[in-house]
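Enquirer: The structure's right below; bear with me while I get my questions together.
The values are calculated or read from the model by the stated rules, or taken from the named source; none is laboratory data. Since the structure is predicted, the reported quantities are computational estimates derived from the model, not experimental observations. Protein only, heavy atoms only, side chains kept; ligands, DNA and RNA dropped before computing areas. Shrake-Rupley method; radii C 1.70, N 1.55, O 1.52, S 1.80 Å.
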Amino acid sequence: MSVLNLLKDRGATGTAGILAVVLGASVLLYYWAAPEKKVQDFVGPPRSGYVLTNFDLDSYNEEGKPAFKLIAPHLERREGDDSLYINAPDFVLPSTKEADIPPWKGHSQYGWVNKDGSLLKLQGKVHMERPAFGTTQAASIDTSEVTAWPKENRLETAEAARIVQGSSTMDGVGMRANLDTKHLELLDAVHSTYLPRKR
């Protein structure tokens, strides 16, 4: 018996039922054999939540004391992680322990601050300096790619660094510093020059 004869012998209800089964089977076969939709790989650059120009940013630690200050011509806050991207920041890192110690001041090419202000990245070339105070001579640091924890007043870099204090110069690769304890450490390939003080 052919399908055509079967359709003729059956009523309209039987024909509709057979057609529904065939249609359902073809839809299932299509979804089973069809290729998966391509996922959109390109999502575009991150969007800014807001943009500031010529701004001053003051951040404080848990005790309400100044942790750091940034002054820069351009800042963007990224949506999603609320981090801040900064161009050409001037920065101030005050002592969190002693109010009478002058702060370190400096400049970097770029900066990045995480959401809660506990992590600061000074990117590109970084220069920072502190004036003389008491019996401590003026000091400067020249390096790049600095990671700082300003609420703890610590910083480090894996890049080459030069520390100058008074007439003494130290060069090395990799540096760690605790600005509150005045502890600066060069980690590798260290070369120092100490000139006698003038009498």
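Enquirer: Taking amide hydrogens as modeled 1.01 Å from N in the peptide plane, which residues meet the under 5 Å criterion relative to GLY166, leaving out close sequence neighbours?
Expert: ALA138
Enquirer: Check LYS125: other-chain or 5+ apart residues with amide H under 5 Å from its amide H, H built from backbone geometry?
Expert: GLN109
Enquirer: Separate question: How about LYS97: which aspartates and glutamates have a C-alpha closer than 14 Å to its C-alpha, ignoring those fewer than 8 places off in the same chain?
Expert: Partners within reach: GLU62, GLU63, GLU152, ASP180.
Enquirer: A further question on this structure: With a 1.4 Å probe and all protein chains left in place, how much of the accessible area of segment 137-182 comes from carbon and sulfur atoms, in whole percent? Mind dumping the intermediate values first?
Expert: On the way: 860 of 1900 Å².
Exposed carbon and sulfur together represent 45 percent of the surface.
Enquirer: Additional query: How long is the gain from THR193 to LEU28 if the chain were fully straight, where each residue apart is worth 0.36 nm and the alpha carbon distance is subtracted?
Expert: Working: separation 165, 0.36 × 165 = 59.40 nm, distance 8.00 nm.
Answer, rounded to one decimal: 51.4 nm.
Enquirer: Tell me, what ³J(HN,Hα) does each residue in segment 180-193 have, in order and in whole Hz, if you take phi through Karplus 6.51 cos²θ - 1.76 cosθ + 1.60 with θ = phi - 60° and put x for Gly and Pro?
Expert: 6, 8, 6, 9, 10, 9, 9, 9, 8, 6, 7, 9, 10, 10
Enquirer: May I ask you to list the aspartates and glutamates whose Cα is less than 13 Å away from that of LYS115, ignoring any residue fewer than eight positions away on the same chain?
Expert: Reachable aspartates and glutamates: GLU76, GLU79, ASP81, ASP82.
Enquirer: Given a 1.4 Å probe and the protein chains all in place, what does the accessible area of TRP149 round to, in Å² to the nearest 10?
Expert: Counting only protein heavy atoms, the figure is 60 Å².
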